[in-house]
Number of protein chains: 2
Amino acid sequence: MNIGQVAKVTSVPAKRIRYYEQIGLLKPAQRTDAGYRVYGDGDIHSLRFIRRARGLGFSMAQISKLLALWQDQCRSSAEVKAVAASHIKELKIKIGELQSMVDTLANLADQCDGDDRPDCPIIAELQGDKS
Amino acid sequence: MNIGQVAKVTSVPAKRIRYYEQIGLLKPAQRTDAGYRVYGDGDIHSLRFIRRARGLGFSMAQISKLLALWQDQCRSSAEVKAVAASHIKELKIKIGELQSMVDTLANLADQCDGDDRPDCPIIAELQGDKS
DNA sequence: CCTTGACCTTCCTATCATGGGAAGGTTTAT
DNA sequence: ATAAACCTTCCCATGATAGGAAGGTCAAGG
């Protein structure tokens, strides 16, 4: 299969497939005489694996680990779970940060009249007023 | 004040201050004969404003708008509120995405034994098994 | 057989908001 | 006078892509 066809069946754009190869996430694809990349079923499975992992927010570095564990028959599920746990932890931290922004902003926006006048608690907060 | 002193009092590193000037968020600072940037109180207020806005997760583009509104005596609070509302909306979407990742992952991790054996529902999910 | 269009290739650039560091000039303090 | 602590600009790096230019290749139709 050509890269374009693989892109279609995996929903991973050709550009991204080349990028994954470049950073070593995928092993270099075989080439035709003309230099075209050629892919087999294994590559397609790998790309789907990567796509799903990306969908769960894993970084490339984490996916690299997960791919290695996936291929490793001798893996322990504990190792996989550790990668996931670390990612969950990061996600929760991020969510907490974003949520606290939302809380503050919603609070301020709620107190804002949203009319034609210039007075605004949002601006006041950013300005540093100790209201 | 020199850039280093401003960095200290605003908690915004000199590097970042120069960057803000470069992208037009701050007006170009005055210079000494030797080319050193010189800042006044107004700049310090602006930098604190930017720092607080960044802390609430606003993008540079949004902060640019907010700065303009801040300076604009004729602003309507509705405009400010609109910027905030749009940001809140984006944040909530992001939080929703991250939370759904956490939910999926926590569920999978929960089902994972985390022992020495290779069997792992996390890997199975990424692999695409219809378990 | 030749052209056209749809592919493919590599390479360069941009994003966003920074951080790091090199090379070189200035100021301050001892 | 010299050393330390500043400052300047410039270039490169991040992560995970997207966009596009320049050029080679392949399949189909006239």
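Summary table
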{"read-out": "Virtual spin-label span in nm between residue B:52 and residue B:21, 7 Å along Cα→Cβ", "value": "2.4"}
{"read-out": "The range B:76-131: translational diffusion in µm²/s, Stokes-Einstein, Kirkwood Rh over Cα pairs, 25 °C, 0.890 mPa s", "value": "174"}
{"read-out": "FRET efficiency, residue B:99 to residue A:78 (Cβ-Cβ, R0 35 Å, nearest 0.05)", "value": "0.85"}
{"read-out": "Difference of contour (0.36 nm per residue) and Cα-Cα distance, residue B:92 to residue B:115", "value": "4.6 nm"}
{"read-out": "Relative contact order, percent, chain A [alpha-carbon distance under 8 Å, six or more residues apart]", "value": "14"}
{"read-out": "Under Karplus coefficients 6.51, -1.76 and 1.60, residue-wise ³J(HN,Hα) of the range B:48-58 in Hz, glycine/proline x", "value": "5, 4, 4, 4, 5, 5, 4, x, 8, x, 5"}
{"read-out": "On Cα atoms only, tilt of B:77-111 relative to the major axis of chain B in degrees", "value": "30"}
{"read-out": "Over chain B, volume per residue of the alpha carbon convex hull, in Å³", "value": "188"}
{"read-out": "Neighbour cut-off at most 16 other Cβ (10 Å), DSSP loop, chymotrypsin sites (Phe, Trp or Tyr not before Pro), the range B:1-98", "value": "B:36"}
{"read-out": "Spatially proximal lysines relative to residue A:92 (Cα-Cα < 24 Å; intrachain offsets below 8 disregarded)", "value": "A:65, A:81, B:89, B:92, B:94"}
{"read-out": "Acute angle (nearest 10 degrees) that the helix B:60-71 long axis makes with the longest principal axis of chain B, alpha-carbon atoms", "value": "40"}
{"read-out": "Over the protein assembly as shown - Rg/Rh using Cα atoms and the Kirkwood inverse-distance radius", "value": "1.12"}
{"read-out": "Over the range B:30-90, equivalent-ellipsoid semi-axes from the Cα gyration tensor in Å", "value": "28, 14, 8"}
{"read-out": "R0 of 45 Å, Cβ-Cβ distance residue B:106-residue B:33: FRET efficiency to nearest 0.05", "value": "0.15"}
{"read-out": "Residue-averaged beta-carbon neighbours from other chains (10 angstrom radius) around A:68-80", "value": "5"}
{"read-out": "Calculated [θ] (222 nm, deg cm²/dmol) that DSSP helices of n ≥ 4 give over the protein assembly as shown, each run adding -39,500 (n - 2.57)", "value": "-21500 deg cm²/dmol"}
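Rule-based calculations on the coordinates, nothing more; no lab input. Because the structure is a prediction, the values reported are computed rather than measured. Note: ideal-geometry Cβ built from the backbone for every residue, glycine included; neighbour counts use all protein chains shown.
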